[in-house]
Amino acid sequence: MKKLIFIMLTGLLATSVMAQETKTGWNFGALPAVTYSTDQGFQYGALVNLFDYGDGSIYPDYFHRIYIEASTFTKGSSILRVMYDSDYLIKGIRYAVDLSYMPDFAYDFYGFNGFGSVYNSDWTNDELSSPPYRSRLFYAMKRHLFRFKNDFIGNIGENNWHWNAGLSIQQFKPGVLDVDKFNKGKDPDDPKYLPDVPTLFEYYTGAGIISGEEADGGWITGIKGGISYDTRDQHACPMSGIWAETGIEVVPEFLGAESSFGKLYLTWRQYFTLKEDDLSFAYRLGYQQTLFGDVPFYYQGQIIVSELRGATSEGLGGSKNLRGILRNRVVGNGIAYANAELRWKMVRFRFINQNFYLGTNYFVDAGIVTDPVDIDRNAFQSFLNDIETGESIDDFLTGKKDAPHVAAGLGLKIAMNENFIISADIGKALKEQDGNMEFYIGLNYLF
């Protein structure tokens with residue numbers, strides 16, 4: 001914990017030194033992107049966050065924000081991202097644009113349908129002999145993502161109702177794990193030297209569960225529309241209000257997708273003040289359902305929202321939705337999830353003419369597959385018979401309906417000027433099939 005606090009305070013001090021006036025004009029925050037996630041490993045690089053508070057009349061809200069990040073992770077992924085959002089660029093419309101390229105050489109893949117797929121931790125434990133050990137990246141694949149995303153939110157009358165619209169163009173490039181990349185420079189006798197064995201992704205492609213066409217990836221052009229209701233008192237860490245949204249995203253085949261499909265999304269967030277300025281309770285309920293068409297496997301894990309709040313919005317499982325659950329553990333045609341969080345802003349202080357607070361959060365996260373992806377068990381078993389490994393389909397699929405995936409944990413927050421928030425969360429899965437302990441350092445509250 002001392003090391004965690006040191007890392008967070010070091011980043012905070014770097015930001016403070018470079019910051020300008022807090023309540024008016026442009027506020028400039030630059031940080032070395034030194035974070036950690038159990039999902040992706042240590043992150044190193046740099047990020048810049050710029051807030052324009054104008055004359056300060058709407059502080060702690062802002063007129064314009066620009067976010068730039070270039071970073072890489074020790075487990076093989078990178079983030080190259082530029083994002084801009086504002087309520088004032090287009091009169092009466094909130095606009096957010098995101099341009100990102102995110103190569104990931106160890107993207108988590110645990111199959112589909114939550115507990116309908118078996119997770120065997122012994123297969124990835126390189127401290128064990130082989131068998132049962134296979135590869136510490138048995139549940140990994142390559143996945144590169146290019147994204148150009150535009151979100152628009154406008155008012156409906158003069159109340160708290162809004163319309164939402166969006167256009168996103170994304171290219172997904174999945175592939176087999178590049179073992180040579182991870183073994184480069186390592187001695188074959190090194191315990192961390194990866195064995196060249198088939199991964200779960202290769203089992204799914206070999207059995208035809210993931211078709212050859214989908215395995216090569218493709219373009220997804222999504223058109224989104226919906227409505228939202230927003231009475232939050234502040235965006236970064238609301239103390240009161242409701243933020244609810246629902247809509248439909250349609251991906252037409254004639255715009256380059258492998259097939260046409262549509263998804264419904266629904267999210268309800270509510271915030272309660274328990275002690276003015278200092279203590280609040282927040283919860284989020286989410287639901288997503290495929291309405292029609294065949295969704296490519298590489299898009300099933302996308303969590304659709306009216307406005308992207310981080311580098312990614314996918315899962316379920318991982319730092320963006322189910323903290324403590326393995327990343328992408330809960331994937332299906334339909335999913336539901338919930339987060340409950342107590343937030344305490346413990347200490348407030350000023351430093352370098354800036355406003356700071358130190359806070360903690362205590363949470364419970366849960367999710368479930370409500371509509372499973374169809375899997376041909378006979379095809380899977382036939383593939384296992386053909387490769388003659390002696391494995392049974394029961395080693396990979398349970399054939400059972402999903403049950404709730406639950407994790408609990410706590411976090412630490414250090415915030416500058418209410419909007420620039422360095423965050424650390426640690427979550428513990430309550431069931432072994434969901435992993436063990438997961439740890440994340442990043443930016444912002446979860447929702």
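State which stretch of the chain is the longest one without any exposed GluC sites (Glu not before Pro), exposure meaning a DSSP loop state and at most 15 other Cβ atoms within 10 Å. Write out the running numbers ahead of the final one.
Details: sites that count: Glu21, Glu127, Glu158, Glu276, Glu388, Glu391.
Maximal segment without exposed cleavage sites: 159-275.
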> What does the convex hull of the alpha-carbon atoms of the stretch 296-378 project to on average, in nm²?
Replying inline: 7.9 nm²
> What is the distance in Å between the Cα centres of the stretch 346-389 and the stretch 399-447?
Replying inline: 8 Å
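What chymotrypsin sites (Phe, Trp or Tyr not before Pro) does the stretch 161-242 have in DSSP loop regions with at most 14 other beta carbons within 10 Å? List each step's numbers first, then the result.
On the way: sites: Trp161, Trp163, Phe172, Phe182, Tyr193, Phe201, Tyr203, Tyr204, Trp219, Tyr229; in loops: Tyr193.
Here the chymotrypsin sites (Phe, Trp or Tyr not before Pro) that fit, given the DSSP loop and packing criteria, are Tyr193.
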> Separation between the His64 and Ile242 pseudo-spin-labels, each 7 Å from Cα along Cα→Cβ, expressed in nm?
Replying inline: 3.5 nm
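Starting from the Kirkwood radius over alpha-carbon pairs of the stretch 155-312, derive D by Stokes-Einstein at 10 °C in a medium of 1.306 mPa s and give it in µm² s⁻¹.
Values: Rh = 19.1 Å.
In µm²/s, the coefficient rounds to 83.
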> Helix 377-387: angle to the longest alpha-carbon principal axis of the chain, degrees 0 to 90, nearest 10?
Replying inline: 60 degrees
> Over what distance in Å are the Cα centres of the stretch 77-150 and the stretch 184-222 separated?
Replying inline: 14 Å
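Just check the stretch 176-252 against the gyration tensor rule for me: Cα atoms, a ≥ b ≥ c as the square roots of the eigenvalues, rounded for a/c under 1.5, and otherwise prolate or oblate depending on whether a/b exceeds b/c.
Working: a/c = 4.15, a/b = 1.84, b/c = 2.25.
Because a/c hits 1.5 or more and a/b fails to exceed b/c, the stretch 176-252 counts as oblate.
Residues of the chain: accessible area per residue at 1.4 Å, in Å²?
43 Å²
Could you please put Met416, Met437, Met346 in sequence from largest to smallest accessible area, using a 1.4 Å probe? Before the final figure, lay out each step's value.
On the way: Met416 0, Met437 95, Met346 70 Å².
Sorted by accessible area, descending: Met437, Met346, Met416.
Semi-axes of the stretch 299-346's equivalent ellipsoid from the Cα gyration tensor, sqrt of 5 times each eigenvalue, largest first, rounded to whole Å? Spell out each step's value before the answer.
Values: eigenvalues 87, 36, 20 Å².
One finds semi-axes of 21, 13, 10 Å for the stretch 299-346.
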>> Around Gly310, under 11 Å between beta carbons, what's the net of Lys plus Arg minus Asp minus Glu among the other residues?
In response: -1
>> Using all alpha carbons of the stretch 223-279, what is the percent of pairwise distances in each 5 Å bin, ordered from the shortest bin to the longest?
In response: 5, 16, 19, 13, 12, 10, 8, 8, 4, 3, 1
> Of Lys173/Lys320; Lys186/Lys320; Lys181/Lys431; Lys320/Lys428; Lys263/Lys401; Lys75/Lys431, which sit over 26 Å apart, Cα to Cα?
Replying inline: Lys186/Lys320; Lys181/Lys431
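With each run of n ≥ 4 DSSP H residues scored as -39500 (n - 2.57), what mean residue ellipticity at 222 nm is computed for the chain after dividing by its residue count and rounding to the nearest 500 deg cm²/dmol? Could the numbers behind the result be given before it?
Details: 5 runs with 44 residues, N = 447.
Estimated from H runs of four or more residues: -3000 deg cm²/dmol.
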> Which listed residue (Ala70, Thr360, Ser319) has the Cα farthest towards the positive end of the charge dipole for the chain, taking +1 on Lys and Arg C-beta and -1 on Asp and Glu C-beta about the Cα centre?
Replying inline: Thr360
> Label Ala46 and Ser130 with points 7 Å out from Cα along Cα→Cβ: what is the distance between them in nm?
Replying inline: 4.1 nm
>> Limiting things to C-alpha atoms, what are the Rg and the maximum Cα-Cα separation (Dmax) for the stretch 346-411, in angstroms?
In response: 23.9, 69
>> With +1 assigned to the C-beta of every Lys and Arg and -1 to the C-beta of every Asp and Glu, and no other charges, what is the dipole magnitude of the chain about the Cα centre in debye, to the nearest 20?
In response: 1420 debye
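Need one word for the stretch 172-221: rounded, prolate or oblate. Basis is the Cα gyration tensor (sqrt eigenvalues a ≥ b ≥ c); a/c below 1.5 gives rounded, then a/b vs b/c decides. Mind showing how you got there, number by number?
Working: a/c = 4.93, a/b = 2.02, b/c = 2.44.
Oblate.
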> With no solvent and one point on each alpha carbon, what is the Debye value of log10 I(q)/I(0) for the stretch 289-447 at q = 0.16 Å⁻¹?
Replying inline: -0.96
> If r is the Cβ-Cβ distance from Asp374 to Ala165 and R0 is 25 Å, what FRET efficiency results, to the nearest 0.05?
Replying inline: 0.20
> the stretch 141-236: which trypsin sites (Lys or Arg not before Pro) are DSSP loop and have at most 16 other beta-carbon atoms within 10 angstrom?
Replying inline: Lys184, Lys186, Lys192
> What would the Debye formula give as log10 I(q)/I(0) at q = 0.16, 0.20 Å⁻¹ for the alpha-carbon point model of the stretch 48-195, no solvent?
Replying inline: -0.96, -1.22
> Points 7 angstrom from Cα along the Cβ direction at Ser313 and Thr360: gap in nanometres?
Replying inline: 3.2 nm
> For the stretch 271-317, what Kirkwood radius comes out of the mean inverse Cα-Cα distance, in Å?
Replying inline: 13.7 Å
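Determine the share of the chain's accessible area contributed by carbon and sulfur atoms, expressed in whole percent, with a 1.4 angstrom probe. Present the calculation step by step, with values, prior to reporting the outcome.
On the way: 11240 of 19150 Å².
Summing carbon and sulfur atoms, their accessible area is 59 percent of the total for the chain.
Taking only the Cα atoms of the stretch 231-337, how large is their convex hull per residue, in Å³? The partial results should precede the final answer.
On the way: hull volume 11.7 nm³, N = 107.
Hull volume over Cα atoms, normalised by residue count, gives 109 Å³.
Between Ser260 and Lys181, take the C-beta separation as r, use R0 = 41 Å, and let me know the FRET efficiency to the nearest 0.05.
Working: r = 35 Å, r/R0 = 0.86.
My answer for the efficiency is 0.70.
Based only on Cα atoms, what Rg/Rh ratio does the stretch 372-447 have, Rh being taken as Kirkwood's radius?
On the way: Rg = 20.2 Å, Rh = 16.3 Å.
Rg/Rh: 1.24.
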> Against the longest alpha carbon principal axis of the chain, how many degrees, from 0 to 90 and to the nearest 10, is the axis of helix 2-18 turned?
Replying inline: 50 degrees
>> Show log10 I(q)/I(0) for the chain at q = 0.06, 0.11 Å⁻¹, two decimals, from a solvent-free Debye sum over equal Cα scatterers.
In response: -0.26, -0.89
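The values are calculated or read from the model by the stated rules, or taken from the named source; none is laboratory data. Predicted model only: the values in this text are computed from it and were never measured. Because the Cβ atoms are built from the backbone with ideal geometry, glycine has one as well, and the counts that use them run over all protein chains shown. Heads up: the accessible areas ignore ligands, DNA and RNA and are worked out on the full protein's heavy atoms, side chains in. Shrake-Rupley method; radii C 1.70, N 1.55, O 1.52, S 1.80 Å.
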